[in-house]
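Engineer: Okay, handing you the structure first.
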Amino acid sequence: MRLTFLGTGTSQGVPVIGCRCVVCSSDDPRDKRLRSSALVEVDGHRLLIDAGPDLRQQLLRAGVDDLDAVLLTHEHMDHIAGMDDLRAISFAHEPPKSVDIYADAPTLQAVRRVYEYAFAEHRYPGIPEFALHTIERSSFHVGPVSVTPVEVRHLHLPVRGFRIGGLTYITDAKTIPPAEREKIRGSEVLVLNALRRKEHIAHLNLDEALALVEELRPTRAYFTHISHWMGLHAEVELPPNVQLAYDGLVVDL
Ligand SMILES: [Zn+2]
Ligand SMILES: [Zn+2]
Ligand SMILES: [Zn+2]
């Protein structure tokens, strides 16, 4: 299994428009963070986690020309705003294929609202084709690939994390209920959001993410959904089995 971080930034990305801080001005490519998204490849099957506003650039940069599924964590725009560009995946097939979208019911409701034209009775030619699949609490399959949803909390909003074999990918969590933590245990690779050093009402900060790594004991952990307030990538000190993810980072499991 291969995990590729397509984006590791928080909702505004890094650099932030108009910001002249040391991180936003940095020449280190690891300080340039598109909105959070990841590609998981398992036995030739390609699963995209989240489709934010940088999706087009991310798929071009990673050379992705087809997807077997798109898994959405929640409805916030930094996770769904790029879905119109999924039409390139549809139209790479003849006849065009519907792109399979997996998300919980509230997230799919938001997708229907935001992309209303894709579900209209009289559809304009060339618009995206989505096949929506509702995720419940139990595991589901994308082809032969088993995916277990992990429900975390983003302030009050439920967000889906995903366990796929030895990988658990969680973003936009502030808290993880005890029963859900059991689904994460035994992960070889744990991806968690870590926004910044200071506390935040809806996101784990660095200390909270580190405490979860300590408790859940993955072999390796990577932090994502990072803001410019975290500091320069090169200057964030972490335990040996933990690192800040950066755009383009590839992790093999
Ligand atoms: Zn987000
Ligand atoms: Zn900045
Ligand atoms: Zn969010």
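Engineer: Being within 16 Å of the chain's Cα centre (by Cα) and within 16 Å of ligand 2 (Cβ to nearest atom) narrows it down to one of Leu55, Leu34, so name that one.
Structural biologist: Matching residue, one of Leu55, Leu34: Leu34.
Engineer: If we only count helices (runs of 4 or more DSSP H) wholly inside segment 1-94, which ones have 1 or more residues that are charged (D, E, K, R) and within 16 Å of ligand 1 (Cβ to nearest atom)?
Structural biologist: Where helices (runs of 4 or more DSSP H) fall fully within segment 1-94 and carry at least 1 residues being charged (D, E, K, R) and within 16 Å of ligand 1 (Cβ to nearest atom), they are 77-80.
Engineer: Also, quick follow-up: For segment 12-26, does any single residue satisfy the condition of being touching a strand residue (DSSP E or B) at 6+ places or on another chain (Cβ under 7 Å), surrounded by 15 or more Cβ atoms within 10 Å (Cβ to Cβ) and closer than 17 Å to Ile170 by Cβ?
Structural biologist: no
Engineer: What residue, among those in segment 156-166 that are under 13 Å from the mean Cα position of the chain (by Cα) and touching a residue at least 60 places away in the same chain (Cβ under 8 Å), is farthest from ligand 3 (Cβ to nearest atom)?
Structural biologist: Of everything passing the filter in segment 156-166, Phe162 is farthest from ligand 3 (Cβ to nearest atom).
Engineer: What residue, among those in segment 103-143 that are assigned to a helix (DSSP H, G or I) and of a type in the set (D, E, K, R), is farthest from His74 (Cα to Cα)?
Structural biologist: Once the filter is applied, the top-ranked residue is Glu116.
Engineer: Sticking with this structure for a sec: What tally of residues in segment 112-166 results from selecting those that are surrounded by fewer than 16 Cβ atoms within 10 Å (Cβ to Cβ) and of a type in the set (D, E, K, R)?
Structural biologist: Summing the residues that are surrounded by fewer than 16 Cβ atoms within 10 Å (Cβ to Cβ) and of a type in the set (D, E, K, R) in segment 112-166 gives 7.
Engineer: Examine segment 85-95 for a residue that is under 22 Å from Thr224 (Cβ atoms) and surrounded by 21 or more Cβ atoms within 10 Å (Cβ to Cβ), and state whether such a residue exists.
Structural biologist: Scanning segment 85-95 turns up at least one residue that is under 22 Å from Thr224 (Cβ atoms) and surrounded by 21 or more Cβ atoms within 10 Å (Cβ to Cβ).
Engineer: Where the second residue is within 11 Å of ligand 1 (Cβ to nearest atom) and not in a loop (DSSP other than H, G, I, E, B) and the first is within 13 Å of Val111 (Cβ to Cβ) and β-branched (Val, Ile, Thr) and lies in segment 58-84, which pairs have Cβ atoms under 8 Å and are six or more apart or on separate chains?
Structural biologist: Thr73/His79; Thr73/Val159
Engineer: Name the residues in segment 1-58 that are acidic (Asp, Glu) and closer than 22 Å to Leu253 by Cα, would you?
Structural biologist: Matches in segment 1-58: Glu41, Asp43, Asp50.
Engineer: Another question, then. For residues that are under 17 Å from Phe223 (Cβ atoms) and of a type in the set (A, V, I, L, M, F, W, C), scanning just segment 3-19, find the one that is farthest from ligand 3 (Cβ to nearest atom).
Structural biologist: Selected residue: Leu3.
Engineer: Determine the pairs where a residue that is free of Cβ contacts under 8 Å to residues at least 40 places away in the same chain and among the small types (Gly, Ala, Ser), located within segment 11-24, has a partner that is part of a loop (DSSP other than H, G, I, E, B) and near ligand 2 (Cβ under 7 Å from one of its atoms) with Cβ atoms under 9 Å apart, the partner being 6 or more residues away or on another chain.
Structural biologist: Pairs found: Gly18/Cys24.
Read the figures in this text as sums done on the coordinates, not as results from a lab. Everything numeric in this text was worked out from a predicted model, so none of it was measured. We place every Cβ from the backbone using ideal geometry, glycine too, and count neighbours over all the protein chains shown.
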